[in-house]
Each structure stands twice: as structure tokens, then as C-alpha cells.
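*Asks:* Sending over a structure as C-alpha cells; questions will come in a sec.
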Amino acid sequence: MSRIGKMPVIIPAGVEFKLSDDNTVTVKGPKGTLSRKLPDDMNIAVEAGQIVVSRPNDLKRMKAFHGLTRMLIFNMVEGVTNGFSKTLEIVGTGYRAAKNGDKLVLSLGYSHPVEMDDPKGVTSTCETPTRIVVAGIDKEAVGQYAADIRSKRPPEPYKGKGVKYQGEYIIRKAGKAGKK
């Protein structure tokens, strides 16, 4: 049995969990509401303030969906209670970020500034000109927006310039060897 899938998801105080007939889960909490359609084959039940996910059989596909379904529900509950955030760092001379209303404006060494609109449900803030914090209640949306920002100028291996996640280790390469 899946070690992740068999763990119950505890419903914290102030969180409302609703399950419809077609396995659509709605979680409402202090930070907002999330809704998602989950695989029809998974059995989802609420028992004594906990959400329990079980699978109908031991087919490989069901085993894969078991842990996935449990983690999707867990991330929804975690998102409406605490939220998620990712921090990005900008490394490089002249590289910087700024907020202009709900737009994120990045200066990344191109001939033009890169402007990005915040997606629905996700906010980005610039703590400093070289640090961006992406936050929201949907883990998938936060991660995707952070990846989109990083993709505008990924870190390069020679000088490490570009947009990277906080704590990300960049494998560096040696430059050209000079003549002797």
C-alpha cells in the first residue's frame, strides 16, 4: 500500500471540506476556496475529522493515483490555511525587478524590460530589487508562475547570472583556459 496514500489528512479548525458525487473536492478556509476534480476511481471519505483516501484495487494505475490524490487534497487544505510561497533571487549586474501595479517588470539584460501579469490567485512582491516572492493558496499555480519568471533568464553556469530559486545551487563551469 502507498505510504503517502494511506496517511489521513487532518482537517484543521476553520476549514470546511465538501465532496460531491463526481469526486469534486471543495476546500474552504481562512485564505480562500479551492476546488478540484479528482480521479473517479479513488474512494474519498471523511472519518472523525480526517480525510481518508483508499483505492479500489492494486493495479499500477490505482497505486499511482492513490498517493497523488491524497497529496492533492493535503495541498488544498494546507493552501487555504497557510498558503504557499516561493522566493526567487536575481543575480547579475543591472538585473532587477520592480512592481508596477499588478505587473512584474524585470530588467534582465535584454534590450527591453520583461513585463509579466500576475495570474489569478497568485501575487508577486519585490522585497528588494533582487528578490521576488511569489505567494498564493494554490501550490501548482505558485510553482508554475515562479517557473515562468525563472524561465525568462535561467541561471547560466559560468558566472551564475540569471533568476534562480532561493537556495538553488548552480553547478558552475570553468571558463576558457588561456594560452601558455
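The values are calculated or read from the model by the stated rules, or taken from the named source; none is laboratory data. In this text, all values refer to a predicted model and were calculated from it rather than measured experimentally. So basically every Cβ, Gly included, is an ideal-geometry build from the backbone, and we count neighbours across all protein chains shown. The area values use the complete protein model at the heavy-atom level, side chains included, leaving out ligands, DNA and RNA. Shrake-Rupley method; radii C 1.70, N 1.55, O 1.52, S 1.80 Å.
*Asks:* Tell me the residue from SER111, SER85, SER151 that is closer than 30 Å to ILE10 by Cβ and open to solvent by 50 Å² or more (accessible area, probe 1.4 Å), please.
*Replies:* Testing whether each residue is closer than 30 Å to ILE10 by Cβ and open to solvent by 50 Å² or more (accessible area, probe 1.4 Å) leaves just SER85.
*Asks:* Take segment 32-69 and flag every residue that is among the aliphatic types (A, V, I, L, M), over 15 Å from PHE17 (Cα atoms) and in a strand (DSSP E or B).
*Replies:* Across segment 32-69, there are no qualifying residues.
*Asks:* Then there is this: Out of segment 13-30, which residues are in a loop (DSSP other than H, G, I, E, B) and either loosely packed, with under 14 Cβ neighbours inside 10 Å or modelled with pLDDT of 95 or more (or both)?
*Replies:* Scanning segment 13-30 gives ALA13, GLY14, SER20, ASP21, ASP22, PRO30.
*Asks:* Next up: Go through segment 46-71 and give me each residue that's surrounded by fewer than 19 Cβ atoms within 10 Å (Cβ to Cβ), within 14 Å of VAL27 (Cα to Cα) and not β-branched (Val, Ile, Thr).
*Replies:* GLY49, GLN50, MET71
*Asks:* If you scan segment 114-128, which residues turn out to be under 15 Å from LYS86 (Cα atoms) and surrounded by 14 or more Cβ atoms within 10 Å (Cβ to Cβ)?
*Replies:* ASP118, PRO119, GLY121, VAL122, THR123, SER124, THR125, CYS126
*Asks:* A follow-up question, please. Taking GLY175 as the residue in question, decide whether it is part of a loop (DSSP other than H, G, I, E, B), small (Gly, Ala, Ser) and either open to solvent by less than 30 Å² (accessible area, probe 1.4 Å) or closer than 25 Å to GLY79 by Cα (or both).
*Replies:* So GLY175 fails the test.
*Asks:* Any residue in segment 25-50 that's farther than 19 Å from GLU140 by Cβ and among the small types (Gly, Ala, Ser): show its pairings with residues that are modelled with pLDDT under 95 and outside any strand (DSSP E or B) at Cβ separation under 7 Å, as long as the two are six or more apart or on different chains.
*Replies:* Here the result reads GLY49/ILE11, each pair linking segment 25-50 to a residue that is modelled with pLDDT under 95 and outside any strand (DSSP E or B).
*Asks:* Condition first: exposed (fewer than 15 other Cβ atoms within 10 Å of the Cβ), out of contact with any Asp or Glu (no Cβ under 9 Å at 6 or more places or on another chain) and over 30 Å from LEU68 (Cα atoms). Can you find one or more residues in segment 129-146 that meet it?
*Replies:* yes
*Asks:* With the requirement that a residue be more than 28 Å from LYS28 (Cα to Cα) and among the acidic types (Asp, Glu), what does segment 78-106 give you?
*Replies:* Passing the criteria: only GLU89.
*Asks:* Would you check if ASN75 is open to solvent by 40 Å² or more (accessible area, probe 1.4 Å) and not aliphatic (A, V, I, L, M)?
*Replies:* When the stated conditions are applied, ASN75 does not pass them.
*Asks:* Considering each of LYS159, LYS103 in turn, give the residue that is open to solvent by 80 Å² or more (accessible area, probe 1.4 Å) and either modelled with pLDDT under 95 or within 21 Å of ASN75 (Cα to Cα) (or both).
*Replies:* LYS159
*Asks:* Here is a follow-up. Mind checking which pairs have a first residue in segment 96-107 that is over 16 Å from GLU127 (Cβ atoms) and a second that is among the aromatic types (Phe, Trp, Tyr) and open to solvent by less than 70 Å² (accessible area, probe 1.4 Å), Cβ under 8 Å, 6 or more apart or different chains?
*Replies:* SER107/TYR95
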